[in-house]
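The values are calculated or read from the model by the stated rules, or taken from the named source; none is laboratory data. Remember, it's a predicted structure, so these values are computed and weren't measured experimentally. Here the Cβ positions follow ideal geometry from the backbone for every residue, glycine too, while neighbour counts run over all protein chains shown. Ligands, DNA and RNA are excluded from the accessible area calculation, which covers all protein heavy atoms including side chains. Shrake-Rupley method; radii C 1.70, N 1.55, O 1.52, S 1.80 Å.
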Amino acid sequence: MDDVVDFINTHRDRYIEQLREYLAIPSISALPEYKTDLRRCATWTADEMRRIGLKKVNLIETLGHPVVYGEWLEAPNKPTILFYGHYDVQPVDPLDLWDSPPFEATVREGEIYARGAADDKGQIFMHLKAVEAHLEQRGLLPSNIKFVLEGEEEIGSTNLDVFVREHVRDLAADVVVISDSPMFDRGVPSICYGLRGLAYFQIDLRGTTTDLHSGSFGGAVSNPAQVLAQILAQMRDRSGRVKIPGFYDDVRALSEDERTQIKKLPYNEIRYRKEIGAPKLFGESGYGTLERVWARPTFEVNGLLSGFTGVGAKTVIPAVAMAKVSMRLVPDQDPDEIARVFEAYLRKVAPKTVELQVTRMHGGKPWMTEIDNPFVQAASRAIKKGFGKCPVFTREGGSIPVVSTFKDVLGLPCVLFGIGLPDENAHAPNERLDLENFHKGIVTSAHLYKEISSIEVSL
Ligand code: BES
Ligand code: MN
Ligand code: MN
């Protein structure tokens, strides 16, 4: 592998220039006005795939943004990797909190700052560069590979789910590889063996047809803003436990063994608290912070809107109130079942004085894998070679909806090896990626394809 690694080391600076171009395309999937930029980003990705030597590269249309597909299948009798990533990014607001423009990637102190740097373009690009290094140096890859890159992960992957179900044979593989998660900490590479799921809702309350003078009408009608606050207050108790009946029915308990492993991780809770600027941490009693984030479900209010919020004071009873809420789920909770118990509870606690409308938005199932699977072990060896250290095993609190589809529909194990850092501001202003990790990530990916090639697969 020395020649391949040499190639990667030699081209280190060129990679950063190329990544800059990729990061310049504002592929914000949540906002309809960026539709053409998503297509431009998909086209850029496909052009790059062709340039590095992937075959059958094309954009596959969906009801939403296109899927970019490319493959290299010339390693007979060797395993096939299905690589998944997403080329869409999150919106950039609040824009004034960015130190440099989100779509003009800027390098400062060894990190590249831009929307998508860590989540997920930088991590996709790392794999494209690893493939390129193999093909340039040797004309061959050690394993077969199929790339599936979507443009709708940040909005719930609904169309990709359909795509996977409709292309079961085309997507046949032995393992899924994904780099779309952080590593445990700077200098602590990791493999992620579990993700939480998600169920997301919008709640709309209407009290009256229009806003009312709070003097003339105050006392005669209920106030939707207040009702909303009262409803939300009944979702969790003061110890952080979710009060929706049935919510915990399918939650898989943490094993003693897993708790012991989690406690061994080099985790500094005080540093964590200071970094996020919280006066005091809070969560379900009986669990440590990592356990709460990785292995326990939550209920969160994501946004609230009602009434007068401008400068000064206005005496008004708002006609409507709105909240966005979501629940992070853990094995073996099912988003459909959670949606059912949530809506039932909501209807029960909402008073008759307001009209209630609940809209279910995106979501995904939780996922977990066994860490003794041979592909995870192969990734572990590759990380040892790329980062000079054995990885630790982690779970994550975030969600990648399609991972459980790969498992349920294609029957595939999945290796999640991410190289972002927990403080790299994914979804927030000043998103960035550490360039040292990016470089080591390319080397690790190159090793990963080689390590996977030594696994026996039935044909
Ligand atoms: N890359 C993240 C998922 C992630 C976050 C994994 C943190 C591990 C740790 C992904 O792009 C993401 O943001 N997912 C969304 C999914 C949702 C929109 C359905 C999430 O978790 O909110
Ligand atoms: Mn992501
Ligand atoms: Mn994301």
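Residues in segment 64-122 that are closer than 18 Å to Ser179 by Cα, within 16 Å of ligand 3 (Cβ to nearest atom) and in contact with an Asp or Glu (Cβ under 6 Å, 6 or more places away or on another chain): Gly85, His86, Asp88, Gln90, Arg115, Ala117, Ala118, Asp120. Would you point out the residue of segment 81-96, among those that are in a strand (DSSP E or B) and more than 16 Å from ligand 2 (Cβ to nearest atom), that is farthest from the chain's Cα centre (by Cα)? Restricting to residues being in a strand (DSSP E or B) and more than 16 Å from ligand 2 (Cβ to nearest atom), the top hit is Ile81. Considering segment 358-375, the residues that are within 16 Å of ligand 1 (Cβ to nearest atom) and among the β-branched types (Val, Ile, Thr) include one that is modelled with the highest pLDDT, namely Thr359. So, Ala321, is that one open to solvent by less than 30 Å² (accessible area, probe 1.4 Å) and modelled with pLDDT of 95 or more or not? Yes, satisfied.
Okay, residues lined up against (1) of a type in the set (Phe, Trp, Tyr); (2) more than 16 Å from ligand 3 (Cβ to nearest atom); (3) open to solvent by 30 Å² or more (accessible area, probe 1.4 Å):
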site	(1), (2), (3)
Arg186	no, yes, yes
Pro189	no, yes, no
Cys192	no, no, no
Ala199	no, yes, no
Leu205	no, yes, no
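For Glu355, the stated conditions do not hold, so it cannot be described as within 30 Å of Thr298 (Cα to Cα), among the acidic types (Asp, Glu) and within 15 Å of ligand 1 (Cβ to nearest atom). Looking only at segment 149-184, residues that are away from ligand 3 (no atom under 16 Å from the Cβ) and aliphatic (A, V, I, L, M) come to 9 in all. In segment 301-312, the count of residues that are part of a loop (DSSP other than H, G, I, E, B) and open to solvent by less than 60 Å² (accessible area, probe 1.4 Å) is one or more.
Taking the criterion of being crowded, with 17+ Cβ neighbours inside 10 Å and farther than 22 Å from Phe201 by Cβ, the residues of segment 289-300 that qualify are Leu290, Glu291, Trp294, Ala295. Counting only helices (runs of 4 or more DSSP H) wholly contained in segment 1-54, the ones carrying 3 or more residues that are open to solvent by less than 10 Å² (accessible area, probe 1.4 Å) and under 14 Å from Arg115 (Cα atoms) occupy 12-23. The residues of segment 269-282 that are open to solvent by 80 Å² or more (accessible area, probe 1.4 Å) and assigned to a loop (DSSP other than H, G, I, E, B), listed by number, are Pro279, Lys280, Phe282. Give, as residue ranges, the strands (runs of 3 or more DSSP E) completely inside segment 347-459 that count at least 3 residues that are within 16 Å of ligand 2 (Cβ to nearest atom) and either in contact with an Asp or Glu (Cβ under 7 Å, 6 or more places away or on another chain) or in contact (Cβ under 8 Å) with a residue 24 or more places away in the chain (or both). Of the strands (runs of 3 or more DSSP E) lying wholly inside segment 347-459, those with at least 3 residues that are within 16 Å of ligand 2 (Cβ to nearest atom) and either in contact with an Asp or Glu (Cβ under 7 Å, 6 or more places away or on another chain) or in contact (Cβ under 8 Å) with a residue 24 or more places away in the chain (or both) span 355-364, 414-416.
Table: residues versus (1) under 29 Å from Ala382 (Cα atoms); (2) of a type in the set (A, V, I, L, M); (3) within 16 Å of ligand 2 (Cβ to nearest atom); (4) more than 24 Å from the chain's Cα centre (by Cα).
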residue	(1), (2), (3), (4)
Ile60	no, yes, no, no
His65	no, no, yes, no
Leu73	yes, yes, no, yes
Thr106	no, no, no, no
Ala114	yes, yes, yes, no
Val131	yes, yes, no, no
Ile145	yes, yes, no, no
Gly151	yes, no, yes, no
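Just one of the numbered conditions (1) out of contact with any helix residue (DSSP H, G or I) (no Cβ under 7 Å at 6 or more places or on another chain); (2) at pLDDT 95 or above; (3) within 30 Å of Asp99 (Cβ to Cβ) is not true of Lys348: (3). Every listed requirement among (1) in a helix (DSSP H, G or I); (2) open to solvent by 60 Å² or more (accessible area, probe 1.4 Å) is met by Ala339 save one, (2). Scan segment 57-80 and tell me whether some residue there is part of a helix (DSSP H, G or I), touching a helix residue (DSSP H, G or I) at 6+ places or on another chain (Cβ under 7 Å) and touching a residue at least 40 places away in the same chain (Cβ under 8 Å). Within segment 57-80, none of the residues are part of a helix (DSSP H, G or I), touching a helix residue (DSSP H, G or I) at 6+ places or on another chain (Cβ under 7 Å) and touching a residue at least 40 places away in the same chain (Cβ under 8 Å). Note on segment 368-385: among residues that are within 21 Å of the chain's Cα centre (by Cα) and within 22 Å of Leu254 (Cα to Cα), the one that is most open to solvent (accessible area, probe 1.4 Å) is Glu370.
The condition (being open to solvent by 10 Å² or more (accessible area, probe 1.4 Å) and within 14 Å of ligand 1 (Cβ to nearest atom)) is satisfied by just one residue among Gly411, Gly388, Gly398, Gly420: Gly398. Restricting segment 230-240 to residues that are surrounded by 16 or more Cβ atoms within 10 Å (Cβ to Cβ) and out of contact with any helix residue (DSSP H, G or I) (no Cβ under 7 Å at 6 or more places or on another chain) leaves a set whose member that is farthest from Val316 (Cα to Cα) is Gly240.
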